[in-house]
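Here, each number is a calculation from the coordinates, and none is a lab measurement. Predicted model, so just to flag it, every value in this text is computed and none were measured. We place every Cβ from the backbone using ideal geometry, glycine too, and count neighbours over all the protein chains shown.
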Amino acid sequence: MSKLKLYDLIESQNGYKIRLALSNLKTNYELIPVDLMNGEHRKEWFLKLNPNGKIPVLVDNGFPVWESNAILLYLGRKYAPNNLIPQDIKKLGIMLEWLFFESSTLQKFLQPARFITKFFPKEKVNLDELNKLRKDGTRALKVIEEHLSKNNFFTGDYSMADISCYGQIYPAEEGGFDMSQLPNIKSWQKRVESQPGYVEMRPKVAV
Ligand SMILES: N[C@@H](CCC(=O)N[C@@H](CS)C(=O)NCC(=O)O)C(=O)O
């Protein structure tokens, strides 16, 4: 049994970032699904792992780490110190910019837009709110589109910033975002998909 445990749900794009990173790093882990629909993440045992009551949470030999981008930095430092976290101080600065941009801006709009579009009953959807999320999310995507017009990856080389933004953007169309107008993002997605150990958000089921 692996000493790394990931509390997660396949449909979570924040959890997917961690699954992608662990797969890129060829690191084994145990996936423990958390039943959000039945409020498992609000129970006392889970709040001991993450007092904020959200997935994903990584538990390393009993030590819990929460917030997806904090988990990425933890994993990068532990398993790939010279690889997915740049040594070069300027590149490190660039990677951190995009990780913070992801959690403060991109995630703030893309995640609720997808949640509302995919999981809310139609009659409960506030269209003004949803359209505002899509408008602000599209603006954030265009900031990335512009950056990727001059860079193959966020820092030049594949790093945790790519994993974080890729995981968040992966299901963006399910949130009603039109990705067809963002060709640089599309090309970058293909480059991420050709990295060793790449996995999709939803594992393919054998037929
Ligand atoms: N900023 C957090 C966001 C985590 C988050 O919002 N997780 C969602 C699933 S993707 C969740 O647990 N939602 C349950 C809730 O908020 O009640 C991160 O990056 O890890």
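Here are some notes:
- The mean of 1/r over all pairs of different alpha-carbon atoms in the range 7-49, once inverted, gives a Kirkwood hydrodynamic radius of 11.4 Å.
- In the chain, the alpha-carbon atoms span a convex hull of 143 Å³ per residue.
- Across the range 157-167, coupling constants 3J(HN,Hα) worked out from phi with the 6.51/-1.76/1.60 Karplus curve, θ = phi - 60°, read 10, 4, 8, 4, 5, 5, 4, 5, 5, 4, x Hz, and Gly and Pro carry x.
- Each of the trypsin sites (Lys or Arg not before Pro) that DSSP puts in a loop and that has at most 15 other Cβ atoms within 10 Å breaks the chain; the longest unbroken stretch is 44-149.
- Evaluated at q = 0.17, 0.23 Å⁻¹: base-10 log I(q)/I(0), Debye formula over Cα of the range 87-148: -0.64, -0.91
- One quarter of the surface of the convex hull around the alpha-carbon atoms of the range 89-193 equals 6.3 nm², the direction-averaged projected area.
- Oblate is the label for the range 142-207. Its Cα gyration tensor axes, ordered a ≥ b ≥ c, give a/c of at least 1.5 and b/c at or above a/b.
- Helical contribution to [θ] at 222 nm, DSSP H n ≥ 4, -39,500 (n - 2.57), averaged over the chain, rounded to 500: -15000 deg cm²/dmol
- Amide H partners (placed H, <5 Å) of L84, local residues excluded: none
- Dmax and Rg, reported as Rg then Dmax, of the range 4-79 (C-alpha, Å): 11.5, 34
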